[in-house]
Amino acid sequence: MSKIVLGITISAFLISCNMQNNQACKEIKPEQKANHISDPDVFIGKHKAKVMVLGVFHFDNPGLDSYKPKFSFNILEENRQGELEILLNKIAGYKPTKILVEWDRIEMDSIANDRFQKYLSGEFSIEDKSNEVYQIGFKLAKKSGHSRIYCSDASADWFGVELDWDNYDVEAYLKSKGQYKKSTRYNFQVFYQLIDSLKSVQSLTEHFALINSPENRLKDHQAYLAETILEGAGDNYIGADAVAKWYRRNLRIYANAYDFTDFDKEERLLLLYGSGHVWQLRQFFIDSPDFDYIEPNEYLTK
């Protein structure tokens, strides 16, 4: 009998403790439940920003990349202008609140916006200007009712080994280090030339959908990790430093985009950059707790 009474007493005590614990939980304020360190889904701020990086090929290519375009393209032609209008209408459906372009922030932002203001007032013509900043950036910003554009590019100085660049023979160097065969296992030039050739036969929207597919962007990015990176491994690490320089530039671009974003508003950023930038910028935005990344092809393929 004493055991039964003891059991009832213990049960009553446990029930009482449980009720007290439940009451204590109810008294915890909602903001106390969300531990910003332990809960990765908690966003500190009113809004996450939407962001899209639209990869482009340079309409007026300056020839600064390792691959030099071999196929002609003129965005100013009448049929291409018609295709451009279709492309702009598709991207306008994303409803960007800010358009960020591939011009240096420090050197060009005030100049670009002076031109943009004159473009809006009819004092600055872009009819003879093929650069995509004008043809996509200016036109889309006007179509979207924006009062300005944002120059978000940034240079990254070389910080690796200094060489006699005029007399440096990369092929001879790689062969001297026994790295040439491995570094040429993949012929990325064939890939670049194929994409280059397709721009001359595809519509603008079709070509943009092609170059903005994640699979295409990954393959382009892999050239850095299967070709460039190897040069100088175990010696001067010129390849690794070259890749680091490229990352450094893209990190600066991301920093500018972050700086331009107002998280108290429902921002929808659109970055217009050479397609080679897309994979890294895309990854930075995806990994960030502050952005929701939107794939361009959600709009280009509609």
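The values are calculated or read from the model by the stated rules, or taken from the named source; none is laboratory data. All figures in this text were calculated on a predicted structure; none of them were measured in a lab. Cβ atoms come from the backbone with ideal geometry, glycine included; neighbour counts cover every protein chain shown.
Here is how the numbers come out for the structure above:
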item	result
Single residue of the range 277-293 satisfying the filter (touching a residue at least 60 places away in the same chain (Cβ under 8 Å) and surrounded by fewer than 20 Cβ atoms within 10 Å (Cβ to Cβ)) that is nearest to the chain's Cα centre (by Cα)	Y293
Pairs with Cβ under 6 Å, 6+ apart, first in the range 229-241 and in contact (Cβ under 8 Å) with a residue 60 or more places away in the chain, second outside any helix (DSSP H, G or I)	N236/V161; I238/G160; I238/V161; I238/E231; I238/G232; D241/G160
Selection from the range 90-110 of residues that are over 21 Å from the mean Cα position of the chain (by Cα) and more than 21 Å from T261 (Cα to Cα)	none
Among the candidates S147, S152, residue that is modelled with pLDDT of 95 or more, within 32 Å of the chain's Cα centre (by Cα), under 30 Å from V53 (Cβ atoms) and surrounded by fewer than 13 Cβ atoms within 10 Å (Cβ to Cβ)	S147
Any hit, the range 207-224, residues being in contact (Cβ under 8 Å) with a residue 12 or more places away in the chain and not in a helix (DSSP H, G or I)	yes
Unique residue being of a type in the set (D, E) and touching an Asp or Glu at 6+ places or on another chain (Cβ under 7 Å) when the list is D220, D166, D196, D153	D153
Restricting the range 66-91 to residues that are touching a residue at least 60 places away in the same chain (Cβ under 8 Å) and assigned to a helix (DSSP H, G or I), the residue that is nearest to S144 (Cα to Cα)	I91
Any hit, the range 123-134, residues being touching a strand residue (DSSP E or B) at 6+ places or on another chain (Cβ under 9 Å) and among the acidic types (D, E)	yes
Residue within the range 128-139 that is within 21 Å of L87 (Cα to Cα) and loosely packed, with under 15 Cβ neighbours inside 10 Å present	yes
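Yes/no per residue for (1) within 30 Å of I99 (Cα to Cα); (2) outside the structural domain of T261 (by TED's automatic domain parsing); (3) assigned to a helix (DSSP H, G or I); (4) among the β-branched types (V, I, T):
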| residue | (1), (2), (3), (4) |
| --- | --- |
| G145 | yes, no, no, no |
| S152 | yes, no, no, no |
| A156 | yes, no, no, no |
| K175 | no, no, yes, no |
| G178 | no, no, no, no |
| Q193 | yes, no, yes, no |
